[in-house]
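As structure tokens, the structure follows; a few thoughts come after it.
The values are calculated or read from the model by the stated rules, or taken from the named source; none is laboratory data. Everything numeric in this text was worked out from a predicted model, so none of it was measured. Here the Cβ is made from the backbone with ideal geometry for all residues, glycine too, and neighbour counts use every protein chain on show. Calculation scope for accessible area: heavy atoms of the full protein, side chains included, ligands and nucleic acids excluded. Shrake-Rupley method; radii C 1.70, N 1.55, O 1.52, S 1.80 Å.
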Amino acid sequence: MGAPSSTLLPQFSLTPRIDQVGVEERAARFTTRSIKKEAKLNGLLLVLNMIDLTTLEGKDTAGKVKQLCYKAMHPHDAYPGLPGVAAICVYPSMVKVAKKAVDGSGIKIASVATAFPSGQAPRDVKIRDTKYAVNEGADEVDMVISRGKFHEGEYNYVFDEIAAIKEACGEARLKVILETGELGTLDKVRRASDIAMHAGADFIKTSTGKIQPAATMPVTLVMLEAIRDFYYKTGKMIGMKPAGGISKSKLAVHYLVMVKEVLGEDWLTNQWFRFGASSLANDVLMQIVKEKTGVYQSANYFSID
Amino acid sequence: MGKTLVNKSSLTISENGLEKPTSSKRLEVLKTYKIYIGGQFPRTESGRYYVPTNEAGKKLANVCLSSRKDFRNAVVAARGAVSGWSGRAAFNRSQILYRMAEMLEGRKAQFIDELIEQDNTKAKAEKEVNLAIDRLIYYAGWCDKFQQIFSSVNPVASSHFNFSVPEATGVVSIIAPQGDSLLGLVSVMAPVIAGGNTCVILASETKPLCSVTFSEVLHSSDLPGGVVNILTGKIQELASWFVDHMDVNATIYCEKDSNTQKSMREKSALNLKRIFFYDKVNWYSAAGQSPYFILDTQEIKTTWHPVENIASAGAGY
Amino acid sequence: MSVTKKKSRTNPKRENGKSNTIKLKFDTSWSYAPAPESKSAASIKPQYDLFINGEWQKPLSKKYFETFNPATEEKLSEVADAGSADVDKAVKAARNAYDNVWKKMVPKERAKYIFRIARMIQERARELAIIETLDGGKPIRESRDFDVPTAANHFFYYAGWADKLEYAFPNRKAVPLGVAGQIIPWNFPLLMAAWKIAPAIATGNTVVLKTAESTPLTALKLAEIIEESGLPPGVVNIITGAGETGAALVNHPGVDKIAFTGSTDVGKIIQRAIAGTHKKATLELGGKAANIIFDDAPIDQAVEGVINGIYFNQGHVCCAGSRLYVQESIAKEVIRKLKDRMSSLIVGDPMDKNTDIGAINSRSQLETIQKYLKIGREEGAEMYESGCPLPGKGYWCRPTLFTNVAQSNRIAQEEIFGPVLSVLTFRTDDEVIEKANNSPYGLSAGVWTDKGSKIFNMTRRMRAGVIWANTFNKFDPSSPFGGYKESGFGREGGLHGLAAYVTLENV
């Protein structure tokens, strides 16, 4: 879709204010939910199915990516029947390799683009980067916003860039990375979320994973609430992807609780919620096996790709 | 002033027909002792009066015998003055109390005369007036300080900034000390208004002269109308109205009568007004003045607000 | 195995851009399994006597009464019903301890006893939380995370004051009052016991504390802790009973001070009863707090604050934010968000760790709440309650809100003491200040706005003892708590809470 007419756009400098302490208190409250027994097992299966299994390193090779893809399709063959992950997330140069490796599995290929992770490149380079990834077979594109322009108050620039990348994506779904660790306040997280959604994002995503802090529960809560408000305003569902820093299944389940209580049933699927993570999958698998066997697990029994 | 109720003056008709005093003595102008409500000097709405006498049996004046309706009107005036007075800068209240002291100093002689009329020796009268002036100065100085003494920033264990400050309770009804008619009245009134309250005071029943004259001091001190209202009349008749009015926030009673104290505390329960008995205070002693008197008619208000980034300082958000 | 769920992936339809046809579904396919706290971590005796003079004494009245779990209507235990002779015995024990032991004790030693009690509460926190929840019906999450830790913290805070009182009151010497008679309510049984006992004994007074009729057990557990702590006999006496026991305590000539938390009606009775005596009093009574949301507020946090403000502890909170004032321009949005948030509140077994709203404390309180729900509907207000299922047995009330409420409605004026919110709207700052202050109560208030100067304007003009700006229902031992107007007088907590238990002498 094209960008909505700018006359309908909100004043992004006037987006809702966020009180950080209140957000932290609310986020902490989700962690007091006690998730036991079948609720835990079902939650863990859901988490596994929501993972964007990620490798985004300078030293990535075709070999590494192929191994990761195998893991994505066969998380833990000792327990057949487990759901696969949602997607593989790689650099554009690895899209073709990954696409071929997961062929027929239903697992999506997500590619970062737009001069990931800094985004410090001219717009035409970013558009070419995006088109390249899509042409190579990416189902989803994870772009980064221009944080420098955002801090300069050039909200229209940021908006237009997202809209342009959305156009370049064609059929591919667009995830917009806000890199919340560089935005500085939750007010700005909310503002960036609103800009991204109005500009055509299919998903909003916290982080590249290259900056600390990456995803946190308070940041994710602010973004989920932005999605909720946007949904009430437009009727359009937007997906959410916290990325980076979620490596334990207990924390992932807290996120799931947050999604359930903020957005409800419709978002409890990998169509609308993802975890960007690399080491989370194995921890989830260990917990699933523990739930099924009643025995605490060792990492030695779970493949580390 | 107030020397006698009736001055005899024999008049004769002169040859040219004009009235002319038989002696060279000038006819004294007598003062009418009125009450003080809302910055004005009305007579009691009841039209009643009483005639207090001194120990020698001399009549002091025709003094207004205030009614419950006068009290009601005074409370309306006091209530209307609360937000303006409590909202003033403490510094400004301080200046006004200082101005009262200046005005009192300037009319010292009149107060000494009245106190002598009300059975004081000259020395004691002078002492009382001097102390009353000094007491106003004392509380003038406290206006912009007591809040600092009695406030606190509370180190709560969560990410919040939290502070407690004293704040005026509102309208205070005061039954002033009967004995030390000027010093007592000033000592009870000053801490109440220094803290931003407004008040209705029932002056000494038997020694009302300088209380009424004091209201003229108030009137010329830039004190907004209604902040202090002074009635004259009988405690027996008015005490229960002073304590059961639902729009009064606190009551101060300065006498020892235990039956009155008991019934006042009972009636205070009607709207849970704060009640204080200042019956053991020697207003001439050092204990007759203290910021703790100000604190009596203050409420402690505690305000909370979140503070970003305390719990996770250094860790972003 | 697959987690794919069968449902439509298409976006919901919009009718002519009307967003009110869009609804989120909180009844999700992934739900929480029961997560009950274990009762075995706590022991409740079948019968409790009175804790007088450091010993468990049979009541001279020879009477006992039962205490129930309001979530199951099952009997938990029976406790002594202290008669006037028992009260007399307790007051005499307290007097004896005051004259002969406590007032003479070196303050730093007094402090160490109180620190020790604080630590022992922490050590037995889990047991205390379980009993608090069983006896009172509040969610275990609240007793565990709020009531019990805050109670321990209160003892910690005041312990340290015991030997530092000369710093608390400039130019004055603080002298204890003697024997304090203390009467506490049923909504925060252990915490209120801590609020009362800690400052009293830190300042050198001794105590006779009467628990609420329906929630005696945690205070009796506290008595066990006090016994174990070695606190000298008679310094703290804990008795159980109903209103008559409380009246006997209030009227006992040997009591120097009454500290009461409860209803405004009873507070007034106490104030009348002690007229003509030397007894001092602090009264912490009812409230009908205004919680004000301006259009520039951080709305999602404000909504959360409103939810916590009214549904915390089933709304059995004297400072509950029961009157919500929303600026008209955002009223629809706020109400929608409130309703969404209410959908994720879980009502049910207080022992379940996921329960947000537990059982109403007693049948009579439930009847009171239901009476007000009826009044509200009859007054023409629109009632909305969340759709969560309720257990069969026990006393329950769904989180409820009323819209279309007028200032003159009884549900906007009277304290309901239940999970019932009245929503009113306003247009201007002056209007809302006037409405907020238009109440005989003045315990607490809340304001939500992003504008600093407005916060100070509002917090200064609101007539209440505790004002929460951009937050609500926060408590801390170092922070004074107490009301204006008919919400009572005196402060509990913090430096200012010391004043309630001392007289000041000139140095």
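Would you check if A:GLY239 is within 14 Å of chain C (Cβ to nearest Cβ) and either closer than 24 Å to A:LEU68 by Cβ or among the aromatic types (Phe, Trp, Tyr) (or both)?
Details: within 14 Å of chain C (Cβ to nearest Cβ): yes; either closer than 24 Å to A:LEU68 by Cβ or among the aromatic types (Phe, Trp, Tyr) (or both): yes.
Yes: the conditions hold for A:GLY239.
Going by what's in this entry, would C:TRP195 be described as part of a helix (DSSP H, G or I) and open to solvent by 10 Å² or more (accessible area, probe 1.4 Å)?
Values: part of a helix (DSSP H, G or I): yes; open to solvent by 10 Å² or more (accessible area, probe 1.4 Å): yes.
Taking the combined requirement at face value, the residue satisfies it.
Could you figure out which of (1) in contact with a strand residue (DSSP E or B) (Cβ under 9 Å, 6 or more places away or on another chain); (2) part of a helix (DSSP H, G or I); (3) open to solvent by less than 10 Å² (accessible area, probe 1.4 Å) isn't true of A:LEU174?
(2)
Among the residues of region C:265-278, are any among the hydroxyl-bearing types (Ser, Thr, Tyr) and in the same structural domain as C:PRO389 (by TED's automatic domain parsing)?
no
Looking at region A:113-148 only, could you name the residues that are under 11 Å from A:GLU179 (Cα atoms) and in contact with a Pro (Cβ under 7 Å, 6 or more places away or on another chain)?
Scanning region A:113-148 gives a single hit, A:VAL144.
Can C:PRO389 be described as closer than 14 Å to C:LEU338 by Cβ and either modelled with pLDDT under 95 or crowded, with 23+ Cβ neighbours inside 10 Å (or both)? So that I can check it myself, show each step before the final result.
Working: closer than 14 Å to C:LEU338 by Cβ: no; either modelled with pLDDT under 95 or crowded, with 23+ Cβ neighbours inside 10 Å (or both): yes.
For C:PRO389, the condition - closer than 14 Å to C:LEU338 by Cβ and either modelled with pLDDT under 95 or crowded, with 23+ Cβ neighbours inside 10 Å (or both) - is not met.
Among A:MET217, A:MET223, which is touching a His at 6+ places or on another chain (Cβ under 7 Å) and either more than 10 Å from chain C (Cβ to nearest Cβ) or closer than 22 Å to A:VAL144 by Cα (or both)?
Working: A:MET223 fails: touching a His at 6+ places or on another chain (Cβ under 7 Å).
Criteria check complete, one pass: A:MET217.
From (1) in contact with a Leu (Cβ under 9 Å, 6 or more places away or on another chain); (2) at pLDDT 95 or above, pick out the condition that doesn't hold for A:LYS71.
Just one mismatch for A:LYS71, condition (2).
Which one of the conditions (1) in a helix (DSSP H, G or I); (2) closer than 16 Å to C:GLY490 by Cβ; (3) not aromatic (Phe, Trp, Tyr) does C:GLY181 fail to meet, given that it meets all the rest?
(1)
Being closer than 29 Å to C:LYS39 by Cβ and not assigned by TED's automatic domain parsing to the domain that holds C:ASP145, is that true of even one residue in region C:377-386? Let's see the steps before the verdict.
Within region C:377-386, the subset closer than 29 Å to C:LYS39 by Cβ is C:386.
Subsequent filtering for residues that are not assigned by TED's automatic domain parsing to the domain that holds C:ASP145 retains C:386.
Scanning region C:377-386, I find at least one residue that is closer than 29 Å to C:LYS39 by Cβ and not assigned by TED's automatic domain parsing to the domain that holds C:ASP145, so the answer is yes.
Only residues that are more than 16 Å from B:ALA190 (Cβ to Cβ) and assigned to a helix (DSSP H, G or I): list them for region B:84-108, please.
Here is the first cut: in region B:84-108, the residues more than 16 Å from B:ALA190 (Cβ to Cβ) are B:84, B:87, B:89, B:91, B:106-108.
B:GLY84, B:GLY87, B:PHE91, B:GLY106, B:LYS108, listed by residue number.
Please list, ordered by residue number, the helices (runs of 4 or more DSSP H) wholly in region A:8-106 having 1 or more residues that are within 12 Å of chain C (Cβ to nearest Cβ) and buried (at least 20 other Cβ atoms within 10 Å of the Cβ). Give the steps one after another, and end with the answer.
On the way: elements: A:20-30, A:37-50, A:62-73, A:95-101.
Those helices (runs of 4 or more DSSP H) span A:20-30, A:37-50.
In region C:216-323, which helices (runs of 4 or more DSSP H) lie fully inside it and hold 1 or more residues that are at negative phi, of a type in the set (S, T, N, Q) and open to solvent by 20 Å² or more (accessible area, probe 1.4 Å)?
Details: elements: C:217-229, C:243-251, C:264-273, C:299-311.
Correct list: C:243-251, C:299-311.
Do you know which residues across region C:453-502 are open to solvent by less than 10 Å² (accessible area, probe 1.4 Å), closer than 24 Å to C:GLN413 by Cα and more than 9 Å from chain B (Cβ to nearest Cβ)?
Within region C:453-502, C:MET458 is the sole residue that qualifies.
Residues to consider are A:ASP266, A:ASP229, A:ASP194, A:ASP202; find the one that is in contact with a strand residue (DSSP E or B) (Cβ under 7 Å, 6 or more places away or on another chain) and either open to solvent by 20 Å² or more (accessible area, probe 1.4 Å) or touching a residue at least 40 places away in the same chain (Cβ under 8 Å) (or both). Steps first, answer last, please.
On the way: A:ASP266 fails: in contact with a strand residue (DSSP E or B) (Cβ under 7 Å, 6 or more places away or on another chain); A:ASP229 fails: in contact with a strand residue (DSSP E or B) (Cβ under 7 Å, 6 or more places away or on another chain); A:ASP194 fails: in contact with a strand residue (DSSP E or B) (Cβ under 7 Å, 6 or more places away or on another chain).
Every option except A:ASP202 fails the conditions.
Could you list, in sequence order, the residues of region C:57-70 that are touching a residue at least 24 places away in the same chain (Cβ under 8 Å) and farther than 13 Å from C:SER214 by Cα?
First, the residues of region C:57-70 that are touching a residue at least 24 places away in the same chain (Cβ under 8 Å): C:57, C:59-61, C:65, C:67-70.
Passing the criteria: C:GLN57, C:PRO59, C:LEU60, C:SER61.
Can you pull out the residues in region C:135-148 that are open to solvent by less than 50 Å² (accessible area, probe 1.4 Å) and either outside any helix (DSSP H, G or I) or touching a helix residue (DSSP H, G or I) at 6+ places or on another chain (Cβ under 7 Å) (or both)? Steps first, please.
Kept after step one, since they are open to solvent by less than 50 Å² (accessible area, probe 1.4 Å), are these residues of region C:135-148: C:135-143, C:146-148.
If the condition is that a residue be open to solvent by less than 50 Å² (accessible area, probe 1.4 Å) and either outside any helix (DSSP H, G or I) or touching a helix residue (DSSP H, G or I) at 6+ places or on another chain (Cβ under 7 Å) (or both), then C:ASP135, C:GLY136, C:GLY137, C:LYS138, C:PRO139, C:ILE140, C:GLU142, C:SER143, C:ASP147, C:VAL148 are the ones that fit.
Identify the residue in region B:195-213 that is part of a helix (DSSP H, G or I) and buried (at least 24 other Cβ atoms within 10 Å of the Cβ) and, among all such residues, is nearest to the chain's Cα centre (by Cα). Don't jump to the end; show me each part of the working.
Filtering region B:195-213 down to residues part of a helix (DSSP H, G or I) leaves B:209-213.
Now narrow it down to the ones that are buried (at least 24 other Cβ atoms within 10 Å of the Cβ): B:209-212.
On the way: B:LEU209: 14, B:CYS210: 12, B:SER211: 9, B:VAL212: 11 Å.
My answer is B:SER211.
Among the hydrophobic types (A, V, I, L, M, F, W, C) and open to solvent by 10 Å² or more (accessible area, probe 1.4 Å): does that describe C:PHE65?
On the way: among the hydrophobic types (A, V, I, L, M, F, W, C): yes; open to solvent by 10 Å² or more (accessible area, probe 1.4 Å): yes.
Against the criterion (among the hydrophobic types (A, V, I, L, M, F, W, C) and open to solvent by 10 Å² or more (accessible area, probe 1.4 Å)), C:PHE65 qualifies.
Just checking, does region C:392-399 include any residue being within 18 Å of C:ILE467 (Cβ to Cβ) and more than 25 Å from the chain's Cα centre (by Cα)?
Initially, region C:392-399 is screened for residues within 18 Å of C:ILE467 (Cβ to Cβ), giving none.
Within region C:392-399 (the criterion being within 18 Å of C:ILE467 (Cβ to Cβ) and more than 25 Å from the chain's Cα centre (by Cα)), the answer is no, since none of the residues qualifies.
Return the residues of region C:169-192 that are open to solvent by 10 Å² or more (accessible area, probe 1.4 Å) and among the small types (Gly, Ala, Ser); say none if nothing qualifies.
Answer for region C:169-192, where residues must be open to solvent by 10 Å² or more (accessible area, probe 1.4 Å) and among the small types (Gly, Ala, Ser): just C:ALA174.
Conditions: (1) out of contact with any Asp or Glu (no Cβ under 7 Å at 6 or more places or on another chain); (2) within 14 Å of chain B (Cβ to nearest Cβ). C:GLY243 meets all but one. Number of the miss?
(2)
So which residues in region A:269-305 are of a type in the set (Gly, Ala, Ser), open to solvent by less than 60 Å² (accessible area, probe 1.4 Å) and part of a helix (DSSP H, G or I)?
Correct list: A:ALA281 only.
Considering region B:135-149 alone, what residues qualify as being assigned to a helix (DSSP H, G or I), open to solvent by 20 Å² or more (accessible area, probe 1.4 Å) and in contact with a helix residue (DSSP H, G or I) (Cβ under 8 Å, 6 or more places away or on another chain)? Steps first, answer last, please.
First, pick out the residues of region B:135-149 that are assigned to a helix (DSSP H, G or I): B:135-142, B:146-149.
So of that shortlist, the ones also open to solvent by 20 Å² or more (accessible area, probe 1.4 Å) come out as B:137-138, B:141-142, B:147-149.
Residues satisfying the conditions are B:ILE137, B:TYR138, B:GLY141, B:TRP142, B:GLN147, B:ILE149.
Please find, among A:ALA163, A:ALA138, the residue that is surrounded by fewer than 23 Cβ atoms within 10 Å (Cβ to Cβ), within 19 Å of A:LYS205 (Cα to Cα) and in contact with a helix residue (DSSP H, G or I) (Cβ under 7 Å, 6 or more places away or on another chain). Don't jump to the end; show me each part of the working.
Details: A:ALA138 fails: surrounded by fewer than 23 Cβ atoms within 10 Å (Cβ to Cβ).
Among A:ALA163, A:ALA138, only A:ALA163 is surrounded by fewer than 23 Cβ atoms within 10 Å (Cβ to Cβ), within 19 Å of A:LYS205 (Cα to Cα) and in contact with a helix residue (DSSP H, G or I) (Cβ under 7 Å, 6 or more places away or on another chain).
Could you tell me whether region B:61-83 includes any residue that is out of contact with any Gly (no Cβ under 7 Å at 6 or more places or on another chain), farther than 22 Å from B:HIS245 by Cα and either open to solvent by less than 60 Å² (accessible area, probe 1.4 Å) or assigned to a helix (DSSP H, G or I) (or both)?
yes
If a residue has to be surrounded by fewer than 22 Cβ atoms within 10 Å (Cβ to Cβ) and either in contact with a Pro (Cβ under 9 Å, 6 or more places away or on another chain) or under 12 Å from C:SER322 (Cβ atoms) (or both) to count, how many in region C:416-449 make the cut?
Residues flagged as surrounded by fewer than 22 Cβ atoms within 10 Å (Cβ to Cβ) and either in contact with a Pro (Cβ under 9 Å, 6 or more places away or on another chain) or under 12 Å from C:SER322 (Cβ atoms) (or both) within region C:416-449 amount to 0.
Take C:ALA275 and tell me if it is closer than 25 Å to C:LEU498 by Cα and away from chain A (no Cβ under 14 Å). Can you show your working first?
Details: closer than 25 Å to C:LEU498 by Cα: yes; away from chain A (no Cβ under 14 Å): yes.
For C:ALA275, the condition - closer than 25 Å to C:LEU498 by Cα and away from chain A (no Cβ under 14 Å) - is met.
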